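Heads up: the structure comes next, in structure tokens.
The values are calculated or read from the model by the stated rules, or taken from the named source; none is laboratory data. Keep in mind that what you see is a predicted model, and the values were worked out from it rather than measured. A quick note on method: Cβ atoms are made from the backbone with ideal geometry, for glycine too, and the neighbour counts reach across all protein chains shown. With ligands, DNA and RNA removed, areas are computed over all heavy atoms of the protein, side chains included. Shrake-Rupley method; radii C 1.70, N 1.55, O 1.52, S 1.80 Å.
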Amino acid sequence: MATLTEQLRSVLPLSFLLLLSLWTSVSCSGEAEEVKVRVRGVTSIATTDDNFVCATLDWWPANKCDYGQCPWGQAGLFNLDLNNKILTNAIKAFKPLRIRVGGSLQDLLLYNVGKNPPKKCPHFKRRSWGMFGFSKGCLHMDRWDELNQFFNQTGAKITFGLNALMGRRRSKDDREHFVGNWDPQNARDFMSYTISKGYEIDSYELGNELCGSGVSGRIDADQYGKDMITLNELVKELYPNGSQRPKVLGPAGFFDRKWFETFLQISGPNVVHGLTHHIYNLGAGVDLALIDKIQDPYFLDQVAQTYRNIWMTTKTFGPWAGAWVGESGGAYNSGGKDVSHTFVDGFWYLDQLGMTSTFDHKVFCRQALIGGNYGLLNTTTFIPNPDYYGALLWHRLMGKEVLSTTHDGSPYLRAYSHCSKNKDGGVSMILINMSNSTSFDVSIINDMNFYLDSHNKEADSGPEPREEYHLTPEGGNIQSDVVLLNGTPLKLTESQDIPEMNPKLANPSYPIHIAPDSIVFVTLKGFRAPACVEDQ
């Protein structure tokens with residue numbers, strides 16, 4: 001049977017077919033959709049920490065395996081090459097990077113220190129009967145010394161996750177239910193050693209994923225609240241100087257409203273400084289629909305209610321604490337093999353940074369800095385993956401004050417804006433185009449709605465050019481490990497330094513063009529935003 005094209009050729013003149021072809025090519029290429037993004041800079045809607053962007057380092061050994069693969073290699077804290085120049089330079093580039101030291105195995109970790117150190121100080125070993133399939137492990141102080149030398153050299157800001165199961169026993173009725181008071185002695189000896197060596201710790205976190213129904217183990221909320229009081233008193237005793245005292249964080253697990261409320265009520269005012277929760281909203285790393293989820297704004301929006309619930313719980317039951325995403329790798333069980341380390345993951349990751357900041361979260365810790373499929377750095381070569389550069393641009397450009405940002409265009413265009421981190425003031429924003437076919441021409445509207453009288457106008461960026469950072473995947477392949485900045489591949493220098501990331505300068509009177517499958521950071525130095533004026 002003849003095709004439609006062949007049938008048309010037989011009955012239509014050639015001149016008409018040429019016109020039809022031209023019309024079709026123009027229609028398919030399409031014009032950019034015009035979108036007006038409104039930024040209300042009169043007041044901020046939330047505030048993040050100065051070091052909002054955070055990454056984790058985990059204890060997983062090389063034989064941590066999921067779905068028939070073992071993607072951790074030598075990236076665990078016991079095996080990590082601390083002399084690797086790329087690793088050092090990647091952390092130094094943040095000036096500083098907040099790092100959370102911990103993870104699933106921290107509640108099996110003993111510290112080989114004190115007058116009565118553990119009689120046995122083994123490595124983690126595969127054991128089917130153990131939590132997460134591993135036996136207990138032990139941290140020798142020579143490795144702790146090496147780690148702290150590395151942290152000091154790179155200027156990292158450290159959160160350390162303590163073993164919360166010391167002194168507890170399994171319930172006779174339920175092996176995953178741990179009962180009894182936390183025994184702080186091993187933690188005390190470890191913290192005392194840390195202080196004696198002059199090692200700086202920004203915060204201590206108690207336990208990992210033991211709240212609510214738990215993951216391989218759980219503790220009741222009222223018991224955990226009492227244990228946090230014990231930890232807080234221990235920290236105050238060992239760090240009498242309040243200005244140098246580490247913060248206390250918890251519970252480092254998945255949100256359960258009733259559990260969190262009870263825990264905050266039991267622990268009471270000014271005990272917990274950071275309410276940490278974990279998010280893996282993309283599901284299992286083996287999910288074949290992972291990319292579809294990452295580029296589906298409706299799916300990504302489902303987690304917003306969790307962030308709001310956390311914010312409301314903190315506001316109601318623990319206003320002295322700030323909400324943290326203490327761990328999030330997108331997809332659990334080490335992430336997606338061909339997805340989590342590629343460009344497309346940035347649609348999930350950077351959207352999460354924007355979303356959590358609007359719900360007044362102070363910190364967002366990415367699982368992991370290195371290790372698994374979701375590392376910001378390649379597990380074997382240490383070369384930065386695309387999300388590393390997205391994280392670094394966010395850290396450098398997006399300030400603490402979060403501004404209301406809205407538009408009535410396609411849901412595939414996400415927009416978030418903050419006061420600029422640049423001392424010169426102005427506003428920085430991120431525009432994420434999750435569509436693989438539609439481009440957008442974005443105009444920024446300064447919503448100066450002081451007294452509920454609409455007074456909107458095109459953003460006045462003054463005489464200074466607009467700074468734009470366009471991130472796109474190499475070759476247009478969203479599963480590429482190489483990201484382009486304004487058309488140029490971001491690659492390490494010959495000396496293995498992080499490359500410079502300079503903006504493209506644009507006329508502020510023209511709209512911002514957002515290509516399909518791209519992410520754009522923008523700084524508007526002359527944007528008039530009263531919320532961004534210092535010393536208010």
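Remarks
- Of all residues in the range 410-419, none satisfies the criterion of being surrounded by fewer than 24 Cβ atoms within 10 Å (Cβ to Cβ) and either touching a Cys at 6+ places or on another chain (Cβ under 8 Å) or not assigned by the TED database to the domain that holds Gly41 (or both).
- Looking at Glu534, Glu494, just one residue is under 30 Å from Thr154 (Cα atoms) and modelled with pLDDT of 95 or more, and that residue is Glu494.
- Of residues in the range 243-260 being more than 14 Å from Ser203 (Cβ to Cβ) and not hydrophobic (A, V, I, L, M, F, W, C), the one most open to solvent (accessible area, probe 1.4 Å): Lys258
- Qualifying residue in the range 261-269 (condition: in a helix (DSSP H, G or I), surrounded by 17 or more Cβ atoms within 10 Å (Cβ to Cβ), touching a strand residue (DSSP E or B) at 6+ places or on another chain (Cβ under 8 Å) and of a type outside the set (S, T, N, Q)): yes
- Condition met for Asp222 (surrounded by fewer than 16 Cβ atoms within 10 Å (Cβ to Cβ) and either assigned to a loop (DSSP other than H, G, I, E, B) or within 24 Å of the chain's Cα centre (by Cα) (or both)): no
- Condition check for Leu403: buried (at least 24 other Cβ atoms within 10 Å of the Cβ) and in contact with a Cys (Cβ under 8 Å, 6 or more places away or on another chain): yes
- Considering the range 108-156, the residues that are within 20 Å of Cys65 (Cβ to Cβ) and among the charged types (D, E, K, R) include one that is surrounded by the most Cβ atoms within 10 Å (Cβ to Cβ), namely Lys136.
- Sole residue being assigned to a helix (DSSP H, G or I), modelled with pLDDT of 95 or more and surrounded by 14 or more Cβ atoms within 10 Å (Cβ to Cβ), chosen from Met166, Met191: Met191
- Applying a threshold of 6 Å to beta carbon distances and a minimum spacing of six or more residues, or different chains, the list of pairs starting in the range 254-276 at a residue that is in contact (Cβ under 8 Å) with a residue 60 or more places away in the chain and ending at one that is open to solvent by 10 Å² or more (accessible area, probe 1.4 Å) and of a type in the set (Phe, Trp, Tyr) reads Gly274/Trp324; Thr276/Trp324.
- Failed criterion for Leu234 (all others in (1) over 19 Å from Gly322 (Cα atoms); (2) under 25 Å from the mean Cα position of the chain (by Cα); (3) in a helix (DSSP H, G or I) hold): (2)
- Selection of helices (runs of 4 or more DSSP H) fully inside the range 287-327 by the criterion of at least 2 residues being among the β-branched types (Val, Ile, Thr) returns 290-294, 304-317.
- Residue match in the range 327-347 (condition: crowded, with 22+ Cβ neighbours inside 10 Å, in contact with a His (Cβ under 9 Å, 6 or more places away or on another chain) and farther than 30 Å from Asn477 by Cβ): no
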